[in-house]
Amino acid sequence: NITTDTSTATRDKNIVVISQAERGSLYSDGQSSGSVPAITSEILSTLGAGDVFHGALVAAQVWNKEISEAVLIANTVAGLSCRGLDGQSGIPRKNELDAYLAKAKI
């Protein structure tokens, strides 16, 4: 379910995530809410970064990550994807994502 109203998130079991590009993301699942900063990376192109963000968010939910970690993963994958000139070549593989997060001590 998708909603734009954070006050209905608990009742309707919705998750609200607002991506703010270089300002990071805001999230709420009705029980917890917060913000996750964007990563700093070399930017060649932002083409497809929003799509990559959404795909990574869904993947993190499939991996049963808490909402805060899922948004962190989505921010990181989308940020790293901006290293490529197209919407695909900069997307990190899972092992690269794990190494990046471990190095960042997140």
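The values are calculated or read from the model by the stated rules, or taken from the named source; none is laboratory data. Bear in mind that the values here come from a model prediction, so they are computed numbers and not experimental data. When we count neighbours, we look across all protein chains shown, and the Cβ atoms used for this are built from the backbone with ideal geometry, even at glycine.
Kindly evaluate A38 against the criterion of being part of a loop (DSSP other than H, G, I, E, B) and closer than 15 Å to V17 by Cβ.
Yes: the conditions hold for A38.
Residues in region 73-106 that are among the small types (G, A, S), at pLDDT 90 or above and more than 12 Å from D51 (Cα to Cα): G84, S89, G90, A99, A102.
Note on region 21-36: residues that are of a type outside the set (G, A, S), over 21 Å from L85 (Cα atoms) and surrounded by fewer than 14 Cβ atoms within 10 Å (Cβ to Cβ) amount to 2. L44 falls short on exactly one of the conditions (1) at positive phi; (2) touching a residue at least 40 places away in the same chain (Cβ under 8 Å), and that condition is (1).
Could you pull out the residue among A49, A59 that is among the aliphatic types (A, V, I, L, M) and touching a Lys or Arg at 6+ places or on another chain (Cβ under 9 Å)?
Working: A49 fails: touching a Lys or Arg at 6+ places or on another chain (Cβ under 9 Å).
Step by step, each of A49, A59 is checked, and only A59 is among the aliphatic types (A, V, I, L, M) and touching a Lys or Arg at 6+ places or on another chain (Cβ under 9 Å).
Give the residue that is farthest from E22 (Cα to Cα), with candidates limited to residues of region 51-100 that are in a loop (DSSP other than H, G, I, E, B) and of a type in the set (D, E). Write out each step before concluding.
First pass over region 51-100, keeping only residues in a loop (DSSP other than H, G, I, E, B): 63-66, 82-93.
Narrowing the set further to residues that are of a type in the set (D, E) leaves 66, 86.
Numbers: E66: 22, D86: 18 Å.
The extreme case among them is E66.
Conditions (1) charged (D, E, K, R); (2) under 17 Å from A104 (Cβ atoms); (3) touching a Gly at 6+ places or on another chain (Cβ under 7 Å), marked per residue:
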position	(1), (2), (3)
L26	no, no, no
G34	no, no, no
I39	no, yes, yes
I43	no, no, no
L47	no, no, yes
F53	no, no, no
K65	yes, yes, no
E69	yes, yes, no
L72	no, yes, no
